[in-house]
Every structure is written in structure tokens, then in C-alpha cells.
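The values are calculated or read from the model by the stated rules, or taken from the named source; none is laboratory data. Keep in mind that what you see is a predicted model, and the values were worked out from it rather than measured. We place every Cβ from the backbone using ideal geometry, glycine too, and count neighbours over all the protein chains shown.
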């Protein structure tokens, strides 16, 4: 495992950096709650052109890549009756040995409330693992890659056990809202709980490489051919 | 208490973050039911290792491994055997995460690093979700489980490791379906006495210190502060620990 010795000066800077990163993630939760999507992209995400090109935002069915594509999907104006809470807990932050990037994994027992077209409204639970790659730009930590792997979606007050065991990502309201990502890939299939281990825990590391990215460049399918739900069911 | 040097304060601040990461690694490993990696990599499995729950306390690396790895794996493999005929696509997949994702999120971290820098203590509240889709009755489920943790950690060869865990379950019910407080009231008022829900999954493992080590929510009782937050302390000893130490 990667391990480096640090001077006191280096170590306290690293401690400070990790606290700044956690604050960034927690602030994002407030931006979401206030429906400040455009502000989130402008203020919390990468600004340098090279990083903007490779920025990505993923959910179970793929990633939007590039800030222009992320913005085209994410920057929506919601009306009255919309509210979303994605509070981040269970923070696991690994700062690179060189201090230039960091990776983080969090869990959120999230919910979103939206108005239906007929004046009624509904609330959805959507617990999710949320993974980030962070990069320092001009002394400030920014979100570079983000993956929100939703475990299940259930209407508040409804009996989840009444759902089909197989999630249908073509009719799932969270994935419908996610639209048509730039890179389409089933990266987290809730059918098998956390068997696919994506996004996985960050490991200590010295310096950035695309192989460890939470963007599409770092994704590897789970081992074994039989990945998809219902494979092997036609043997009879 | 001794006055800490600036150097030791910096080291302890970094230690606090490392302990937070160890605790989070527990959550993510347990979410995959990967007990082997959890107890192999993030625990100090010596004679002082302990893991306690409402049912009692396992002590020593061997007993903790048997209860937390062997017995847990058994449940996972039994679950796989119960579902593979209905869901043949589970073939070739690690049976452990297929049982359920038991996700004990961490909030309200209170962490104290000993002034000697050799141990750390933490208390946490964990609002958790436990869910699975491919089950033997064909129905997915999601439970909510709220617990408290009292955790002790030690520095071993420069790495922070778990030494003691005390899990205190308070609320367990199905997500958004039941009123757990009124359900408990109805259970107690039932003219035909019924057992309360089990404090944990499966049969309790063998323990050294028998329970109950914590009582969950009851309409008849006040909450138990079983694992109070740690106070600043000098060194891990029997006044500052969640499990009494063995010489």
C-alpha cells in the first residue's frame, strides 16, 4: 500500500486539504437542497478548460462527459414543489501523496420531492453511493468527476417490497430524469446489491492516473461474463 | 494531562482523519458483506479484539473471526443456495454481497485521539439502510436500522486498526411502511405475547460476555447511553475503552 512520510508542515496542509474537501461535498448538499444547479456547476466544479473537457457526472446508466454536456442535462429550472436532499455521510477521503488530487466516497440516504403535472406531488427515496474525484485549481478544491450510484428508488410511504426485484432503468424516474448520457453503460446494477462494487472505495495513491478515475476512463466491468440481470435464466 | 507539542497535535489531527477513514471502510466493506477483507485488513485481531452487539460480546481474534466472518459467510452462502433456483443469474457471482447491502452510514462523529498517540476512540450514530432485491420470497426489501457505535482503534506498525466495536441497535423497521414506536406498543399490548424482532441477522454467535449489552427502543424505557462519546484521554486503559482490556 502507498505510504509516505510527511513533515509537520506537509501533514497539517494535508489535514487542512481533507477538511476543505469534506466542506466542498457538504456544501454541494446545500446547493442541491436550494436547487442551485447552475451555481453548483459554476462554483464547485472545475473551471480550467482542460479539466472541463474531461469532467464527468455519472449515474447507474452512464456518464455525461465535458462540462457543456453536464450543463445541458443538469442545469434545469425546477418549479414549485421541487426539493431535493442528498446529504453526504460516511466520508472516505484519500488525498494523493503529491497533494494535487483527491478521491472521496460518501453515502447519501437521499430524497427528492417533485410536483406532478396535475397539482399533486410525490416524494422519492433514493439511497445512493456518491464518489468524487477532486482536483486543486489555483489553491481551491473542485469537483472533477462524480458518480451517484443509486441503490433503489421508492416512493415515500410505499411498500418497496411490492416492486419488481429487477430494477427497470428505462422507466425508473431517476434514470428518466438523467436522460441520455454521453457514455451509455450500465455501471451499477442494483439487482445484485453491491456485488459490482461500483463505485469502489478509493485506495491510498501517490499521483493521479486515469486508471483510478471515477469517470468512464477508469471504469472496469466486474469480473465474470454473466454481469447482466436475468442472464442464465433461459437454460431450461 | 500532559501538554501536547505542536508536532503531536498535528499528528493527532491526521490520526483523527485516518480513523474516520477506517470507520468508513468498515461501512463500505460491510455493505458488500465482505467480512474477510474487513477483519483481515482493518482490524487488530489480537487477544484484545472485541465485537459487541445487543446479544453479547465476542472477545479475542479467534472468537470475533468465527462470529463475524465464518458465521456471516454461512448466512450468505445459505442465502445463495435458497435463491439460485429462482434466480440462476446469481451463478458465478460472489454470494456474499448478493445477500444484502447492509449500509450503516456514519454521522455525528466524535473522535478523540489519545494524548500518547497510540490509540483513538470514537462514537457515532448510524442511520442505516439494509436492502436486497433477489430474495427467497421473490420480494425486494429495504429496512432502516438506526444504531450507535462505540469504537476503539489502535496504531499498529504505523496503521490505524479497529480494536473494539460495540454496536447498539435502537430502531429496526421496514423503510416507510411501519411506525416502529406504535408497532412496539401494539406488540406489548397483544394479549398473545409475541417475540420482539431479533436484534441482529441470523442466530447470535458464541460470545464471551453474554448480553443484553444494549436494549433497543421501547415504549416502556428511556434511551440507553450505552456507548457515551469519548472524553479527552491520555492512553487506552480500563477507564478509557469500550471493552475492558486483557493483560
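See the values below:
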quantity	calculated
Subset tally (residues that are closer than 14 Å to residue A:215 by Cβ and touching a helix residue (DSSP H, G or I) at 6+ places or on another chain (Cβ under 8 Å)) for the stretch A:179-188	4
Strands (runs of 3 or more DSSP E) contained entirely in the stretch A:31-88, each with at least 1 residues that are more than 30 Å from residue A:119 (Cα to Cα)	A:56-59, A:62-65
Number of the exception - residue A:126 against (1) surrounded by fewer than 16 Cβ atoms within 10 Å (Cβ to Cβ); (2) touching a strand residue (DSSP E or B) at 6+ places or on another chain (Cβ under 9 Å); (3) over 28 Å from residue A:14 (Cα atoms)	(1)
Residues of the stretch A:158-176 that turn out to be exposed (fewer than 13 other Cβ atoms within 10 Å of the Cβ) and closer than 13 Å to residue A:124 by Cβ, as a count	1
Qualifying residue in the stretch B:110-128 (condition: buried (at least 23 other Cβ atoms within 10 Å of the Cβ) and under 15 Å from residue A:193 (Cβ atoms))	yes
Hey, residue A:4 outside any helix (DSSP H, G or I), touching a residue at least 12 places away in the same chain (Cβ under 8 Å) and out of contact with any strand residue (DSSP E or B) (no Cβ under 9 Å at 6 or more places or on another chain) or not	yes
Identity of the residue in the stretch A:100-114, within 13 Å of another protein chain (Cβ to nearest Cβ) and in a loop (DSSP other than H, G, I, E, B), that ends up surrounded by the fewest Cβ atoms within 10 Å (Cβ to Cβ)	A:109
Search result, residues across the stretch B:157-176 that are surrounded by fewer than 17 Cβ atoms within 10 Å (Cβ to Cβ) and closer than 20 Å to residue B:131 by Cβ	B:171, B:174, B:176
Any hit, the stretch A:159-178, residues being at pLDDT 95 or above and in contact with a helix residue (DSSP H, G or I) (Cβ under 6 Å, 6 or more places away or on another chain)	no
Some residue of the stretch B:210-218 being over 20 Å from residue B:127 (Cα atoms), surrounded by fewer than 20 Cβ atoms within 10 Å (Cβ to Cβ) and either in contact with a strand residue (DSSP E or B) (Cβ under 6 Å, 6 or more places away or on another chain) or within 14 Å of chain A (Cβ to nearest Cβ) (or both)	yes
Residue in the stretch A:86-99 that is surrounded by the fewest Cβ atoms within 10 Å (Cβ to Cβ), counting only those that are more than 10 Å from chain B (Cβ to nearest Cβ) and either under 18 Å from residue B:130 (Cα atoms) or in contact with a helix residue (DSSP H, G or I) (Cβ under 7 Å, 6 or more places away or on another chain) (or both)	A:99
Which numbered condition residue A:73 misses (of (1) surrounded by 17 or more Cβ atoms within 10 Å (Cβ to Cβ); (2) touching a helix residue (DSSP H, G or I) at 6+ places or on another chain (Cβ under 9 Å); (3) more than 16 Å from residue A:135 (Cβ to Cβ))	(1)
Qualifying position, being buried (at least 17 other Cβ atoms within 10 Å of the Cβ), within 26 Å of residue B:99 (Cα to Cα) and more than 17 Å from the chain's Cα centre (by Cα), among A:208, A:195	A:195
Residue match in the stretch B:96-103 (condition: surrounded by 21 or more Cβ atoms within 10 Å (Cβ to Cβ) and free of Cβ contacts under 8 Å to residues at least 40 places away in the same chain)	yes
Residue within the stretch A:21-42 that is exposed (fewer than 14 other Cβ atoms within 10 Å of the Cβ) and either at pLDDT below 95 or within 14 Å of chain B (Cβ to nearest Cβ) (or both) present	yes
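This table checks each residue for (1) touching a residue at least 40 places away in the same chain (Cβ under 8 Å); (2) part of a loop (DSSP other than H, G, I, E, B); (3) away from chain A (no Cβ under 14 Å).
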position: B:40; (1), (2), (3): no, no, no
position: B:58; (1), (2), (3): yes, no, yes
position: B:71; (1), (2), (3): yes, no, yes
position: B:78; (1), (2), (3): no, no, yes
position: B:92; (1), (2), (3): no, yes, no
